[in-house]
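Each remark here refers to the structure printed beneath this line.
The values are calculated or read from the model by the stated rules, or taken from the named source; none is laboratory data. This is a predicted model, so every value here is computed, not measured. Please note: Cβ atoms are built from the backbone with ideal geometry, for glycine as well, and neighbour counts cover all protein chains shown.
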Amino acid sequence: MSEPLLSVRGLHVDFVTDRGVALVLDGVNLDIGPGEVVGLVGESGCGKTTLARAILGILPPGAARIRGGEVRYRGQDLLRADPIAVNDRVRGRGITFIPQDPFTSFSPVFPVQTQIMDLMKWKSPRAGNGDGAPSPFRRYPRERYRADREAVLDTLRAVQIPEPARALRRLPHEFSGGQRQRLMIAMALLPRPDLIIADEPTTALDVTIQAQILRLLRTLVKERGVSVLFTTHDLGTAHEICDRIVVMYAGQEVEAAPTAAFFSHPAHPYTRRLLASVPTPDGEIRDIPGEVPSLVEPPAGCRFHPRCDYASAECRSARPAPRMRAAAHAVSCYHPVDAPPGSDA
Amino acid sequence: MRLLALALHRLAWFVPTLLGLLLVTFVISRVIPADPVALVAGETATPAQVEALRRQLGFDRPLPVQFADYVARLARGDMGTSIFTRRPIAEDLAHRLPATIELTLAAMVVSVLVGIPLGVLSALWRNSLLDHALRVATVSGLAIASFWLGIMLQLLFAMRLGWTPLNGRLQGFPPRSITGFYLLDAVLTGDWPTFGGALLHLALPAATLAFPALATLVRFTRAGVLDVMQSNFVLYERAMGLPRFVIVWKYILRSALTSTVTQVGLLFGILLAGAVVTEAVFDWPGIGTYAVNSILRSDYNAVMGFTVWAGAIFIVVNLLVDVTHTLVDPRERVS
Amino acid sequence: MSSSKGASTAVWFVLRRLTRDRSALLGFALIVALLLAALLAPVLSTHPDDVFELHPSERLRAPSRAHWLGTDRMGADVYSRLLFGARITILIGVIAVGASLIVGVPVGLVAGYYHGWVSDLLMRVSDVFLAVPQVVLAIAIAQTLGPSLPNVILALSATYWPWFARVAYAETRSIQKEVFVESTAALGASPWRLTALHVLPNIASPIIVRASIGMGFTILTAAALGFLGLGPPPPTPEWGRTIAESREFLPDAWWYATAPGLAIFLTVMGFNLLGDGLRDVLDPRLRRTHTARDE
């Protein structure tokens, strides 16, 4: 692909827990191109949220440690750049965020307007780059305020919030979950970012609303040519809106493919099992035998090997490097499967 | 309006609680002692004199009648007469009220202005030297007997160093009385020497009174801020790169403050209670010393009057705290 | 969750966690020191008879090798009287808090379990007691009854029980809402069985925390009462009264006022530190084990 917008290489993240040090991310690699919607799929605990937060730079400072690797955004390594500059120019500008829980992501004591306009004050595309660190004395020029407010109202209309001007004056708890998530989408789009990191944005919503929100998000980002890194544990959701899907297992990425190829020719044994475990009309439930491993003492090599039908000695010794099977289809496995899905037991 | 309904609802409990308090003090003053009239009459009274006094005070009537009379009189503002000063107790209390309020307000201002920022910094710079020092200081602050603290401060600053006067509210003549608060009156009349004198006299008692309040406020603010720092909206604001000072001083503080406001209200009640003992140590001419002197002189009615009054104030303060909390936390308004 | 095996492992877990908390350990050490001082007062003191005997010729002597903390206005050894005073302090604290607990917890349980006018009435009564600052009400009661040790204890218990009632009430109500209680009741368990097996173990932790913190408060209030002259009369070496006695001899006899104050400080510190440590350990831990509650 052309120069990726975001490129993660060999990212190792550890968490300090009661039971020891958990090796949550084990040398993860990920690329996101301009304008593409990438789905990051995996079970709970596979590290997808940790990866998303590591990119954003909001891992809990006491508990989490980035042991190595790089996160390159437009060629610049965010992990080694000046933190103040990154906070000012990348976060909330080039890279924005849609959180999982819209219910608690607003401050409950301020009206929505305060929070959106504060965002615009510091992150509006019309704001200059400022000189150095943001200062408490920076003023918000009237002209820009008005232009920003217009942009806010336009975007609120685009996310289908009725009566945007009145809505702005309301408190967050006066909105439903779906509406709050639309507000979050609007806030993620307003700074005109290159990349939106959406961490399970529909998990907390009613099933009936999930599809609506997803489609809205996809329409808006495609219009604007914005990339999205979309984490989810639900394959159906990924299928809805993603251009490309990356599967993670226990802190390792195992397969990455364009959506169609992913569903038609899954190659990694875990991916195949995952697809097979989706409930079908015939009523049979097919589990993946075994359990997700403890990250404090993870299996060596490929972390899926204890549960894998095809595991061999190599799988236990060293983690397989990603190999291309077809255009843009990479698998990290010593024994990728060629057959169509559903053909193994 | 819903706020009004809420206030009325809380107000509805005011009367029964107050009546309950009156019942308790009535029981204490009439039922518990062996013979309250004999106590009032004193040790040298003859039985005949005691009986006469009993009839005069109306203690020979049935108890419920006595209670009804007691409540009726209180409603009229008549708390009885002090055995010692021979003046109506309500008058005595009103006369001494400004001194206590001035002391309590001074202590509260100091605790709030110093306590809240220290609490915020303690939370922000968690586990720093400042944080540890503050935590030690606040734990100690709540373990020190305030009368002992007052005496120690007197020992150091008044006796050994001579920086402040030993006790009392003022030496010499008070400023012309406008509000009854010496500091305010001195400022209003431009009487700067008196202002200085009053301030020096206020220093030690206010510091003594403020100490436990300060400790509590720092602890609660710290806990509140730490709690809010874990919120999802703080995470969101960090992810979106909002400058740290905006997140802390605008969003975090505002959320942490809703619980601090309640604390400040409760603090007022605690300070009022602490004022009793502090006034005793510093000979501060307020309601506290009145209560203590009444105790020592077995001036029954006065002690009861003081208890009723203090209790009523406390109930009112709690009510105001409830209402303020409702106002400050917008979620409560709509629920 | 409520089996006896579950309870004993929980206790073990709590103790293990507590030993890692340095300030809680310090608190515990202070309390042990207090207990030792009280129990071994006759052995540890240098002049055990000074609680009753007077030596006017030796009054107001500064600290020396003979009198480690000096002598008071009667010539008695301050250090020895302090040790015996520890007995008074512990007695007052334990009995007052114990009585408050015995009265307050059942009131709170009943108020929490039932929902009608009984419940409202009980909580309103406790509100009345909470409406007045403890010191004030204790003063009123103690003054009425006269200065003595039992009266101080009575006054303190009468003013502290509502705190236990409140804790018991709040916990009972919140546990009632838990699904497992509803289902057990639906299966026909009697209220006593429910209370004993489910409610009591769960309210144990906040009550323990409240008791420890309550000891600190109670000791301070008791000292204040003693200072005001409402405590046990002389020659009982109560710490608060000693401070009051010392005032007229300041600033010269500074040891006379400083020592009992420090004793009070260390004692209350001990209970507060332990209480804080217990709260840190008990509150988040035991809560998390019994429901999937949002944190």
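Exactly one residue out of B:Leu124, B:Leu97, B:Leu129, B:Leu134 is hydrophobic (A, V, I, L, M, F, W, C) and within 14 Å of chain C (Cβ to nearest Cβ), and it is B:Leu134. For A:Thr202, the conditions (1) at pLDDT 90 or above; (2) within 15 Å of the chain's Cα centre (by Cα) all hold with the exception of (1). Scanning region A:69-108 for residues that are under 29 Å from A:Gln210 (Cβ atoms), in contact (Cβ under 8 Å) with a residue 12 or more places away in the chain and out of contact with any strand residue (DSSP E or B) (no Cβ under 7 Å at 6 or more places or on another chain) yields A:Arg91, A:Gly92, A:Arg93, A:Asp101, A:Pro102, A:Phe103, A:Ser105, A:Phe106, A:Ser107, A:Pro108. Scanning region A:264-293 for residues that are surrounded by 24 or more Cβ atoms within 10 Å (Cβ to Cβ) and not in a loop (DSSP other than H, G, I, E, B) gives A:Pro269, A:Tyr270, A:Thr271.
Kindly indicate whether B:Ile89 is more than 30 Å from B:Ile178 (Cβ to Cβ) and of a type outside the set (Gly, Ala, Ser). No: the conditions fail for B:Ile89. For region C:143-167, a residue qualifies if it is small (Gly, Ala, Ser), surrounded by fewer than 24 Cβ atoms within 10 Å (Cβ to Cβ) and within 13 Å of chain B (Cβ to nearest Cβ), and the qualifying residues are C:Gly146, C:Ala158. Residues in region A:205-251 that are assigned to a loop (DSSP other than H, G, I, E, B) and among the hydrophobic types (A, V, I, L, M, F, W, C) were compared, and the one that is modelled with the lowest pLDDT is A:Leu205.
Looking only at residues of region C:116-139 that are more than 18 Å from the chain's Cα centre (by Cα) and not in a helix (DSSP H, G or I), we find that the one that is surrounded by the fewest Cβ atoms within 10 Å (Cβ to Cβ) is C:Gly116. For region B:298-307, residues that are more than 9 Å from chain C (Cβ to nearest Cβ) and in a helix (DSSP H, G or I) total 3.
Got a sec? Which of B:Ile252, B:Ile295, B:Ile287 is away from chain A (no Cβ under 13 Å), at pLDDT 85 or above and buried (at least 19 other Cβ atoms within 10 Å of the Cβ)? Within the list B:Ile252, B:Ile295, B:Ile287, the selection yields B:Ile287. In region A:84-104, of all residues being within 21 Å of A:Glu174 (Cβ to Cβ) and within 7 Å of chain B (Cβ to nearest Cβ), the one that is surrounded by the most Cβ atoms within 10 Å (Cβ to Cβ) corresponds to A:Pro99.
Among the residues of region C:79-98, those that are touching a Ser or Thr at 6+ places or on another chain (Cβ under 6 Å) and farther than 30 Å from C:Pro162 by Cβ comprise C:Ser80, C:Leu83. Filtering region C:30-89 to residues that are within 29 Å of C:Ser212 (Cβ to Cβ) and basic (Lys, Arg) leaves C:Arg81, C:Arg87.
Is at least one residue of region B:32-49 at pLDDT 75 or above, surrounded by 10 or more Cβ atoms within 10 Å (Cβ to Cβ) and either in a helix (DSSP H, G or I) or more than 14 Å from chain C (Cβ to nearest Cβ) (or both)? Yes: one or more hits.
Confirm whether C:Ser23 is hydroxyl-bearing (Ser, Thr, Tyr), under 27 Å from the mean Cα position of the chain (by Cα) and buried (at least 18 other Cβ atoms within 10 Å of the Cβ). Considered against the rule, which asks whether it is hydroxyl-bearing (Ser, Thr, Tyr), under 27 Å from the mean Cα position of the chain (by Cα) and buried (at least 18 other Cβ atoms within 10 Å of the Cβ), C:Ser23 comes out as no.
Within region C:220-254, the residues that satisfy the criterion of being facing another protein chain (nearest Cβ under 9 Å) and of a type in the set (A, V, I, L, M) are C:Leu220, C:Ala223, C:Ala224, C:Leu228, C:Leu230, C:Ile243, C:Ala244, C:Leu250.
Could you tell me whether B:Arg76 is over 23 Å from the mean Cα position of the chain (by Cα), crowded, with 17+ Cβ neighbours inside 10 Å and basic (Lys, Arg)? No. Determine if region A:255-271 includes at least one residue that is among the acidic types (Asp, Glu) and more than 23 Å from A:Arg9 (Cβ to Cβ). Within region A:255-271 (the criterion being among the acidic types (Asp, Glu) and more than 23 Å from A:Arg9 (Cβ to Cβ)), the answer is no, since none of the residues qualifies.
Selection of region C:65-115 for residues being under 25 Å from C:Trp254 (Cα atoms) and assigned to a helix (DSSP H, G or I) yields C:Val78, C:Tyr79, C:Ser80, C:Arg81, C:Leu82, C:Leu83, C:Phe84, C:Gly85, C:Ala86, C:Arg87, C:Ile88, C:Thr89.
A:Ala261 passes every criterion in (1) outside any helix (DSSP H, G or I); (2) farther than 23 Å from A:Pro125 by Cα apart from (1). Just one residue in the set B:Gly162, B:Gly190 is more than 19 Å from the chain's Cα centre (by Cα), away from every other protein chain (no Cβ under 13 Å) and small (Gly, Ala, Ser); that residue is B:Gly190. Within the set B:Leu267, B:Leu272, B:Leu235, the sole residue that is surrounded by fewer than 21 Cβ atoms within 10 Å (Cβ to Cβ), within 13 Å of another protein chain (Cβ to nearest Cβ) and in a helix (DSSP H, G or I) turns out to be B:Leu235. Quickly run through region A:105-139 and pick out the residues that are modelled with pLDDT under 85, surrounded by 17 or more Cβ atoms within 10 Å (Cβ to Cβ) and within 8 Å of another protein chain (Cβ to nearest Cβ). Within region A:105-139, just A:Pro134 meets the criteria. Filtering B:Leu170, B:Leu153 for residues that are surrounded by 15 or more Cβ atoms within 10 Å (Cβ to Cβ), more than 14 Å from chain C (Cβ to nearest Cβ) and under 25 Å from the mean Cα position of the chain (by Cα) leaves a single hit, B:Leu170.
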